[in-house]
Amino acid sequence: ASDRHAVPILRTPVATPIAISKIGTLLEDALAVREVMHGVLMDILGLGVLIVGESGIGKSECALDLIVRGHRLVADDTVEVRRRGETGVIGTCPELTRHHMEVRGLGVINIRDLFGVASTRSTKRIELVVRLERWDPDREYDRLGLDESVYELFGVKIPLIRMPVAPGRNLAILVEVAARNQLLRSRGLNAARDLATRLEQQLRAAEAEAAADEDSE
């Protein structure tokens, strides 16, 4: 009957629920929508950070500095992203360029050979996007962190931070701090919002005190 109707039969000693779960995961990964994009994907303190920006702005140099600081490279220059489930976007590196990085002035280097196997990983879920932009003196940048921007990949909204690039700014430290701050936000701790709330409460208290003084006069 299987040959007649061209329907495959799968036999396995594994328990049915486990087999169905594993097959579902494999099919979901094989049939996932995929896209190749220009950027660098890093694992920073367990957070998947995708660094994007125009060519030559310093993405690879920033990633190399982060690797020296102990973080892990997933993909450089070419990042293959795919959607998993309703809210998950997974990034990986094409097999041909895995563990490799191109740095202007140095050429192509192998990160795993230089820094050890712990300096790389094969895949990572993208949880934060950092866009490097050339500094524009005529543009107003967010100084408090209250504006929450998003970057859409396959319809999934991922937190976005626009990072201006200018001489004297240590991008690696700034990106690492952005990742640490995002981890705190995911746990419900938002320094900018807390400061704004305390400031608002202080202003209301001052207004109430001023109104009380006017009534007493």
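Laboratory data are not the source of any read-out in this text; all were calculated from the coordinates shown. This is a predicted model, so every value here is computed, not measured. Backbone-built Cβ (ideal geometry, glycine too); neighbour counts: all protein chains shown.
Numbers at a glance
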read-out: Extension gain (nm, one decimal) between Asp194 and Asp213, 0.36 nm per residue minus Cα-Cα; value: 4.0 nm
read-out: Theoretical FRET efficiency, 1/(1+(r/R0)^6), r = Cβ-Cβ of Ser149 and Arg69, R0 30 Å, to 0.05; value: 0.75
read-out: GluC sites (Glu not before Pro) restricted to region 123-209 and DSSP loop, no more than 15 other C-beta within 10 Å; value: Glu140, Glu148
read-out: Helix 171-186 axis, angle to the chain major axis (alpha carbon atoms, nearest 10°); value: 90 degrees
read-out: In region 1-96, GluC sites (Glu not before Pro) in a DSSP loop with at most 15 other beta-carbon atoms within 10 Å; value: Glu54, Glu86
read-out: Distant-in-sequence amide H partners of Arg84 (H built 1.01 Å from N, under 5 Å); value: Val89, Ile90
read-out: Cα gyration tensor shape for the chain, rounded if a/c is under 1.5, else prolate or oblate; value: oblate
read-out: Inter-label distance for Arg187 and Glu35, nm, one decimal - labels placed 7 Å from Cα along Cα-to-Cβ; value: 3.2 nm
read-out: Label-to-label distance, nm, for residues given as Val108 and Ser2 (7 Å Cα→Cβ offset); value: 4.4 nm
read-out: 5 angstrom amide H check on Ala75, placed H, neighbours 5+ away; value: Leu41
read-out: DSSP-defined beta bridges in the chain - what % are antiparallel, rounded to 5; value: 75 percent
read-out: Potential extension, Thr97-Thr16 segment - 0.36 nm per residue separation minus Cα distance; value: 25.4 nm
